[in-house]
Structure formats: structure tokens, C-alpha cells
Amino acid sequence: MAQGSRQIQTQAQQQIQTLSPQQILVVKLLELPALELEDRIHAELLENPALEEGREETPADEYSAAESEETGDDGANEYDSLDDYLREDDIPDYKLQENNRSKGEQAEDIPFSEATSFYEILKEQLRERNLTEHQRELVEYLIGSLDDDGLLRKSLESICDELAIYVGVECTEEELEEALGVLQDFDPAGLGARTLQECLLIQIRRRQAEEESAGLLLDLEERIISECYEEFTKKHWDRIIRKLNVDEAVFNEAIAEITRLNPRPGASLGETIGRNYQQIVPDFLVEAYDDGTINISLNNRNVPELRMSRDFTEMVEEHTKNRANQSKESKEAMMFLKQKMDAAQGFIDAVKQRQNTLMTTMQAIVDLQRPFFMDGDESLLKPMILKDVAERTNLDISTISRVSNSKYAQTNFGIYPLKFFFSDGYTTEDGEEMSVREIRKALKECIDAEDKKKPLTDDELAEMLKEKGYPIARRTVAKYRQQMNIPVARLRK
């Protein structure tokens with residue numbers, strides 16, 4: 001029997017996870033830092049009349065009110081309805097409120113900022129673009145995926161997967177590439193670049209489009225970065241001059257212009273807001289005490305408490321009592337009221353779930369990095385990755401990533417981004433695990449103390465680190481040095 005005549009059929013099984021509208025709302029709220037959460041809540045209060053500011057009545061409050069009116073049965077019914085929609089969580093509500101202090105001390109005033117956040121500046125530019133709703137969703141997600149320096153270090157493939165699984169938005173890499181092109185057209189130039197090379201090229205090409213008379217010099221700058229980038233990073237000027245066959249004086253002028261470009265366009269946004277930095281509002285307050293206890297609370301100082309509108313509740317109860325005699329208009333009114341109340345309750349639950357997830361995550365980080373929070377010594381930070389916190393909290397790694405992105409914690413020793421507490425580990429030949437952050441710190445100290453007339457080679461640095469108790473290979477020294485943007489020995493003279 002001819003083997004070639006056979007046809008082999010294969011079946012591929014694909015599992016697609018979709019999220020409910022309520023889960024999508026929780027995910028979106030989870031990504032927001034403190035200031036943007038305030039704006040989101042105030043917008044919801046304006047949009048939904050069934051939602052209002054105020055503390056929700058507890059069962060004890062309702063019992064007291066019912067007892068004073070001698071209507072205990074009504075109070076019991078109200079308690080049942082509350083119990084139906086309030087989900088239980090592991091963290092009591094009082095721990096999610098501002099001004100909760102276990103030691104009777106008040107936290108120091110937090111420097112709240114009037115400045116617009118990095119992400120809001122980009123979203124304002126997004127609102128000015130004429131895009132479809134789908135394109136707008138993609139660009140907005142890309143904005144949230146940027147690192148603090150404004151560069152995009154996630155692959156488009158992984159972002160496509162995240163959009164499908166966690167946001168319920170299907171897209172192709174081509175569509176995402178097009179959305180990235182929109183983002184890369186935002187100000188300042190260089191935002192959304194995936195590498196430093198692309199960041200510089202975006203800035204050069206933006207100037208080419210804007211400066212009609214720039215011409216030849218900008219063309220040379222583009223050729224240097226696109227054709228000779230490796231030589232440029234190593235400052236091999238003679239090789240570039242020979243390779244491009246250009247005049248040395250013109251070349252030096254082009255290099256001078258390139259060195260004025262901004263390698264961290266995201267950081268420059270903070271410089272345009274009024275001061276030379278972007279003031280930070282912490283999302284968490286972490287206070288350590290001399291007796292070894294650590295208190296964690298959310299910074300909800302300007303976040304209003306939310307509850308269902310009593311007027312709406314009463315109107316629904318009235319419509320329910322007269323259901324048998326309702327006209328078509330009354331039924332439509334009842335449907336409107338129900339929709340608004342469901343949306344209000346869903347938003348209240350989403351805010352509570354966000355707070356609970358944030359507290360659970362921060363508690364795990366404090367537990368894992370307890371020595372640092374007690375002493376403030378950076379060398380005490382242990383190797384910790386997203387997976388470690390995910391396993392401790394039983395949450396998904398993507399959830400931990402969302403909490404850690406653009407969130408800050410105020411400690412006794414300063415305000416730190418949550419990303420600060422994460423670092424990889426390095427395992428020695430003896431099986432001992434060391435913090436990469438600690439090794440980098442030791443490496444930088446060696447380089448700072450070297451004789452600049454005779455800088456240390458990577459081999460010499462590896463030997464010095466070994467003497468200090470960090471037995472790492474020369475290639476590892478080179479890797480960490482490059483990660484800290486420290487040039488090779490001959491360029492440090």
C-alpha cells in the first residue's frame with residue numbers, strides 16, 4: 001500500500017477563557033493607582049444615580065434602627081438582602097479603611113500630588129485620536145503595559161494573549177502592531193519603543209518629518225543608528241566613519257545630536273508637569289514598630305465610601321409591592337431602576353474585591369521581605385519573583401503583575417514602587433541562593449571605588465566579588481554591568 005496516499009488528519013483542541021463583565025471591571029480597577037481610582041469612582045458616581053457616597057449600613061446599624069422603630073421583622077429582612085450581595089472576604093472592612101492604626105499613631109502626611117499622572121497624560125492624547133473603539137482598547141492596554149521609562153518590553157504575542165484571557169478582547173499581532181504605531185506617534189517621541197535602538201530611531205524620524213531643512217545631518221544620524229548601532233554603543237567611531245564613508249567633522253556633529261536624544265522618554269513626562277519630578281501618591285502605608293509588628297493599610301484617604309442609593313431602594317420596593325397593577329411604563333421604569341442598582345452593586349463589589357486583592361498581595365510581599373521593612377537595608381531583600389507571591393496568595397501571576405504595576409508603598413524608610421521588592425535570585429555552585437540586587441549593589445560599589453585611570457576589567461571585578469563572598473563568573477559580571485548601563489573598562493577612563 002502506498003504510504004503517500006494516506007491522509008493524516010489531526011485535531012487541535014484550544015481552550016479559550018472569557019471573563020464576565022464583572023470580572024473585566026475588577027481587572028480594570030485593579031490596574032488603577034490611587035489617584036486614577038479616585039477619578040474612576042467620581043465618574044461612576046456622576047454616571048449612576050443608584051450609587052452614592054456614604055458608609056454602608058452594617059447589620060448592627062440596621063438592627064438598631066429597626067429596634068428604635070419597633071419594626072424588628074423589617075430589620076431582619078433587610079439584613080437578609082444585605083447578606084445576599086455582600087461577599088465574604090478574608091480581610092475585615094476596617095483594615096481597608098483610612099486612619100486604621102493598631103498602635104494609636106497617626107501616619108505622617110502623605111505628599112498628595114496635583115499633577116496629572118504619566119498614564120493620564122497619554123490617555124488624554126489617546127482621546128484626541130480618531131480611532132475605532134477596538135483600536136482605542138488596544139492602545140489603552142499598550143499604555144498600561146509600558147515600563148516607567150516609556151519603553152515596551154513585553155512581546156506583542158504575549159500582550160495578545162493577555163488581552164484575550166484577561167480582558168476578553170481578541171486581536172491579531174498585526175492589529176496590535178498598528179495600535180503600537182499610534183502610541184509611538186504620541187509625545188514625547190520615543191514612547192512605545194521596544195528597544196533603545198528603536199527609541200532613538202523614532203526620535204530621529206520624528207525630527208525628519210518636522211524639520212524640512214534638517215536633511216543630510218538627520219539622514220546620517222538615522223544611518224548611524226540603523227546600520228551601525230552595535231559600533232555606536234561601543235563608541236567605535238573610526239569603524240563607523242569608514243563603514244559609512246563620511247567626513248569626520250560631519251560625523252562628530254551627528255554624534256553630538258544623537259547624544260542629545262532621550263533614551264527614557266517616559267521619565268521626561270514628569271519633567272513637564274511643573275517640577276523636575278513627578279510626585280508620587282502611595283497606594284499602601286506600611287508601618288513597622290519596635291516590637292516587631294508591621295501594620296499595612298490602603299491609602300484610601302480621598303476615596304469615598306460607596307453605598308446603594310436609599311431613594312432607589314425605596315422606589316424598587318414600591319414598584320415591587322404594586323407589581324400586579326403595573327402599566328407598561330411602570331415595568332420599564334422598574335427595569336431601569338433594577339439595571340442601575342445592579343450596576344451600582346457590581347461596582348461596589350468590584351471596589352471591595354480590588355481592595356482585598358491589593359491587601360492580600362501587599363501582605364504577602366511584606367511577609368516575604370519582612371527584614372527589609374523592619375530595617376530598610378536594601379541588602380536584606382531576598383530574591384522574589386511574581387510566582388512566589390502568586391503561590392503565597394493563591395492568586396494568578398497576571399493578577400500579581402497588575403497589582404505591582406504602577407503601585408507604590410510608603411514605608412518607614414521612604415516610598416518605593418512595588419516592583420522594587422522583586423528581583424531574581426542567583427544560585428552558586430554550592431546551591432546557595434543570593435539576591436541579584438545585592439550582587440549588583442556590590443558590583444557598583446567596586447566600580448565606583450576603582451581607579452578611573454586604570455578601570456577594572458570584568459575578570460578583575462569577578463575576582464573582587466568572589467573575595468567579598470559573591471562567587472559569580474566573569475560573563476555574569478558583564479551581564480549585570482550591562483543591565484546597570486555601565487560601560488566596559490576602556491570606556492570608563
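The values are calculated or read from the model by the stated rules, or taken from the named source; none is laboratory data. From a predicted model like this one, the values you see are computed outputs, not experimental measurements. Cβ sites come from the backbone with ideal geometry, for glycine too, and all protein chains shown count toward neighbours. Surface areas here come from the heavy atoms of the whole protein model, side chains and all, with no ligands, DNA or RNA. Shrake-Rupley method; radii C 1.70, N 1.55, O 1.52, S 1.80 Å.
One table, with the values for the structure above:
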| item | result |
| --- | --- |
| Hydrodynamic radius of the stretch 117-269 per Kirkwood, over alpha carbon pairs, in Å | 16.8 |
| Cβ crowding within 10 Å averaged over residues, with 195-206, 372-383 ranked highest first | 195-206, 372-383 |
| Sulfur and carbon atoms: percent of accessible area, the stretch 372-417 [1.4 Å] | 46 |
| Peptides 243-255, 438-450 ordered by average Cβ neighbours within 10 Å, highest first | 438-450, 243-255 |
| Relative packing of peptides 354-361, 46-53 - highest average C-beta neighbours within 10 Å first | 354-361, 46-53 |
| Accessible surface of the stretch 117-269 [probe 1.4 Å, protein heavy atoms]: carbon and sulfur percent | 46 |
| Only Lys, Arg (+1) and Asp, Glu (-1) charged, at Cβ; the stretch 117-269 dipole about Cα centre in debye | 580 |
| Most positive-pole-ward Cα, A449, S379, Q410, against dipole of the stretch 367-486 from beta carbon charges | Q410 |
| Heavy-atom accessible area per residue - the stretch 155-262, 1.4 Å, Å² | 53 |
| Given K28/K338; K419/K466; K235/K444; K28/K444, the pairs whose alpha carbons are separated by over 31 Å | K28/K444 |
